[in-house]
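I have placed the structure first, in the form of structure tokens, so that the comments after it can refer back to it.
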Amino acid sequence: MSFIKKQSIGFYLTILAVIFGLVGITAYFINCNTAYFSNQGVHMGLVVCIIVGIIFEIIYILGSEKDSTKIWLDAFPVLSGILLMVGFVIFVSLRVNSIATILSFERNAQTMSDLSSAIVGMVCCLLGVLFTIISSFFRIVKEK
């Protein structure tokens, strides 16, 4: 119980950023296996950016739990935010033409279903970025 009591709001916001990042990358993998988007394959740059961004968030949490006075820990939320944002931009750039095509010419139940996983993935990646930015303004552990 003392672990929960010593956590600040930054801890919970960072955990939310990690969760949204994981949901975003999962939705991307689901989207890559749909009928409409399966021919585009998996973009490794997007996968690496989001996964490394999530790992940096976890390192930041664990490092702050151990010793929050280390100045080098402050770089992890910044690097994580950058990587998650790059992953989001790659995700959008990979799907923007397909989204326009589906909404303009190929609108049917199957393509809209395939598109929904892309939209969910993009929104979750963006929420991960936003929660990373917001959480960087708060401490992980409460002051003693």
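Using r as the Cβ-Cβ distance of Ile55 and Asn33, and R0 as 25 Å, what FRET efficiency do you calculate, to the nearest 0.05?
Rounded to the nearest 0.05, the efficiency is 0.55.
Non-local amide H neighbours of Val141 (under 5 Å, H modeled in plane, Pro and chain starts lacking H): which ones?
Ser8
Fully extended, how many nm does the chain gain between Ile9 and Glu143 (0.36 nm per residue separation, minus their Cα-Cα distance)?
The span from Ile9 to Glu143 would gain 47.0 nm if fully extended.
Roughly speaking, to the nearest percent, how much of the chain's 1.4 Å accessible area is carbon and sulfur? Please report the intermediate quantities before stating the final value.
Details: 5770 of 8000 Å².
Here carbon and sulfur together make up 72 percent of the probe-accessible area.
Quick one: putting +1 on the C-beta of Lys and Arg, -1 on the C-beta of Asp and Glu, what dipole do you get for the chain around its Cα centre, in Debye to the nearest 20? Mind showing how you got there, number by number?
Numbers: 9 positive and 7 negative charges, 84 e Å.
The calculation lands at about 400 debye.
Over the chain, what is the relative contact order in percent, taking alpha-carbon pairs closer than 8 angstrom and at least six residues apart?
Once normalised by length, the contact order is 48 percent.
So which aspartates and glutamates pass the test for Lys70, namely a Cα distance under 16 Å, with those fewer than 8 places away in the same chain ruled out?
Here the aspartates and glutamates satisfying the reach criterion relative to Lys70 are Glu57, Glu143.
Specify which residue in the list Ile58, Ser38, Ser117 is farthest towards the positive end of the charge dipole of the chain, using unit charges on the beta carbon of Lys, Arg (+1) and Asp, Glu (-1), about the Cα centre.
The Cα lying farthest towards the positive end belongs to Ile58.
The values are calculated or read from the model by the stated rules, or taken from the named source; none is laboratory data. Bear in mind the structure is a predicted one, so any value in this text is a computation, not a measurement. Note: ideal-geometry Cβ built from the backbone for every residue, glycine included; neighbour counts use all protein chains shown. For the accessible areas, the whole protein counts, side chains as well, though only heavy atoms, and no ligand, DNA or RNA atoms are used. Shrake-Rupley method; radii C 1.70, N 1.55, O 1.52, S 1.80 Å.
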